[in-house]
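A short worksheet on the structure shown next.
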């Protein structure tokens, strides 16, 4: 026991818990045998007592054998003695067992102490080794892990399996960044999965290579599947590269000018070598196993990984190829197959994908490489599926955009706090000339937290001439200047002005009677006033009255919750359909209609104002001084050019004459007797005396007089002769879905006696372009399905031929959006009689008929049916003009040089007639594709046309007022006439000041970024991430440079950071943080270029 005690005395204090566990007082003691022994002794003692008592009783009363009693007693005593000895022996055995039990626990405790000491020693040894390794790294020595000899096989495996695949990925991302970005935006999830599997190739090879270098032959299921996935990914890339080398050469040649055959060859070869490296390393792991089952297990894991990667990569391209195959079917010439492809694509929500593919072919990805589709065909397919013509917003052609698109992408959503608090629509009518001057004044108020920009799309009545715009700033009015986008040759040096977001006010035409109004800034808690002036022609409803069309808001980024008024005056009686408009008289005897306007009326509801017409409509004339002066300028320019040519010829002749005069010669003059002698003598005198000829030419140049020019308006009541043959072409696209009742009502409103034929342009019909009678057409329309986008070109061509077969034919085209330009050319038979063409467009005028029928000049021009209410009412009102009881008026504005004998117009009527005449002339010039001349007319007359805009900009200069000539013009050219303006007393630049404001890009600078808030949020996040990353990386870099002997341990991981690790990680984090904003901006810019948002 002393040895035990000595051993126990050596126990460390921290082992008290173990001792307590060994000598737990609560442990039960084995005393069952002791209890049994005591009971037996008590039983023997009781037996002996009973025997003695009986022996005493027998001795007294009974006779017993004494010998037998002694023997029994002796036997009993022996038994008791034996029991006592047995009891002592058992106690000794129990004591020995307990001692042995304690000894065993003490031995276990000693073993535990020894194990803990060994662990502590090993820990100290590892810490010492790490310290030694750190010192070695500090001395720029390699770690012990890399001291193993680097063999040739290791070099091949590392280079072919890790370095080359990783380099290919980096180079591919750098040289094909745009393609990768577009594919990533078009198919984000699928592309991320593909990138993951591509990165898996170098990662898996590196992990296996490092394990083999360390002689770590463990091969779990995860490692096996990952290694097999790397093999499958490399095999797939190799197969795709080989297929692209065979199939995709044409597409690559169209994009980059070469088939990229060498690149595909290198790519397939290198990925094949990477696959062999992965297979080789897997086989090394397999051969390291001793049992066949283990080897089969490795093969099974790798096979699962191969199949999983191939299946995953194929699944990522399944939808793309499915859509691409359907697209290819939808553009074939086979009607049944084409219809099947269109039905498949229309059932899929792929408009965004198609839009990106139309913008850039590279967005189609791998499917586009194997199944190429031309860009023009892709855009036609986009229209056929979505029913919307593809518009490249990067081109900035706002005139080709629908009202819905402009509302969302140009005007923008309503700005909270920006309100049109007041507006006044005032008009002065001239019933005698069917004209009116309308001023629309707006007052904007900004109650938001900062300056805002007011935008609105405004639709004006047909034939309206916008003559000016005025902005009030600090109480001072500033008139707009007319800026043109093109100019004629000979206009001199041009002034280039960029009209952008900061322009105070700008009115830009966007085509088809739509204008974009821009005002900036509307300061916080301030109000801004602006007025737009226009000349609106009256619409004669009958012989006694004419209607005044009202302009309207199509879209606005401000609310219309303010107070809006209408005030119209006329020398003759006025009538208003609205109950809120009251009639009154002014002090000068003018008839007035005034009252409030509702938001609905500002957005297009009919106000209904009619003016009484004179009993007799007379011819009216006005002197067009502007046209006269322009003609004088043109004549002067012609005389100048002619004189310059003559002077040049004369100088050449004089030079030749001087050479000849140096030699003695005789001049022989021969007179032709068959011609006039006097003319010949004048020619000889002009040659011999050039001074007089020059003086005479200069006098003629200074004179430069032309005849005065007049504009004469003629209004005649006519009875419109109805067409004998009316062919109605109906568009079967989805734009007309839900309009069946309106279309049927319009067809039934055709006057009696007009032979009407209906032709439906739709691929959904069994018989395409079949001409039907009205009732048959109505039945077809009632049951047909309006789907996608339908190209109406061939239908209109056939309808034109049908209408041109008879005298007085007409074509009525009811359609939705159409492609901007159809390149198909159909052979048309010659008309017997040229038909009339009318159109009713559902697309807010975004279809340009001149461009759409560019290859078919025989078709058109189209007269648009005005839109004021529902389609049925609009068409029915137009067709009612063909009724025999309807009186219509024809208004003609003609220019003449003969002095008219009719009544001369008043000054107000003169300005209105000149503006309408100039506006109509600009439209005529534009239809003849003479944009430069149209811009000159617009700038001179001060009109806003498709080639001119009204801009309030200090950089442009102030307007020229009526009768005022520019100072610079007077100084440089005294012969420059003073041009008098036709509208609002303002005119465009003139003479030497004719620096037409060109270079404006209003369409490209007014577009709204729908994701501006998202961009701002991304910028904030990336900037914060950049700051955090730079701070963290700089901290690690500085700590690694200054604390070289310190090793950091990562909590929860068996890893440490030496100073080299900290420096490397710090530089990497700083680089990634600096690159993050650029990467985000790259993706945003790519998304914008791909038409994902405007």
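Tabulated data for the structure shown
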read-out: Per-peptide average of other Cβ atoms within 10 Å, ordering 931-943, 209-221, 522-534 highest first; value: 931-943, 522-534, 209-221
read-out: FRET efficiency estimate (nearest 0.05) - Cβ-Cβ, residue 222 to residue 247, R0 41 angstrom; value: 0.65
read-out: Gain upon complete extension [residue 375, residue 114; 0.36 nm per residue less C-alpha separation]; value: 85.9 nm
read-out: Distance in nm between pseudo-label sites at residue 908 and residue 322 (7 Å out along the Cβ direction from Cα); value: 7.0 nm
read-out: Cα convex hull of segment 152-346 - mean projected area over all directions, nm²; value: 13.6 nm²
read-out: In Å, descending, principal axis extents of the Cα set of segment 720-886; value: 44, 37, 31
read-out: Listed peptides 170-182, 98-110 by packing density, highest first (mean Cβ within 10 Å); value: 170-182, 98-110
read-out: Full-extension gain in nm, residue 1043 to residue 855, via 0.36 nm per residue minus C-alpha separation; value: 59.8 nm
read-out: Sites residue 289 and residue 311, calculated FRET efficiency, Cβ-Cβ separation with R0 30 Å, nearest 0.05; value: 0.65
read-out: Computed lengthening from residue 352 to residue 1072, 0.36 nm per intervening residue step minus Cα-Cα distance; value: 256.1 nm
read-out: Spatial extent of segment 285-383: Rg and Dmax, with the Cα atoms as the point set, Å; value: 21.0, 66
read-out: Packing-based ranking, highest mean first, of 558-564, 122-128 given that Cβ atoms within 10 Å are counted; value: 558-564, 122-128
read-out: In nm, spacing of pseudo-spin labels at residue 1064 and residue 89 (7 Å Cα→C-beta vector); value: 7.8 nm
read-out: Proxy reagent accessibility, fewest Cβ within 10 Å first, across 813, 882; value: 882, 813
read-out: Simple spin-label estimate for residue 100 and residue 741 in nanometres, 7 Å along Cα-Cβ; value: 10.7 nm
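We did not get these values from a lab; they are worked out from the coordinates using the rules stated. Just so it is clear, the model here is predicted, and its values are computed rather than measured. For neighbour counting, all protein chains shown are included, and Cβ atoms are generated from backbone atoms with ideal geometry for every residue, glycine included.
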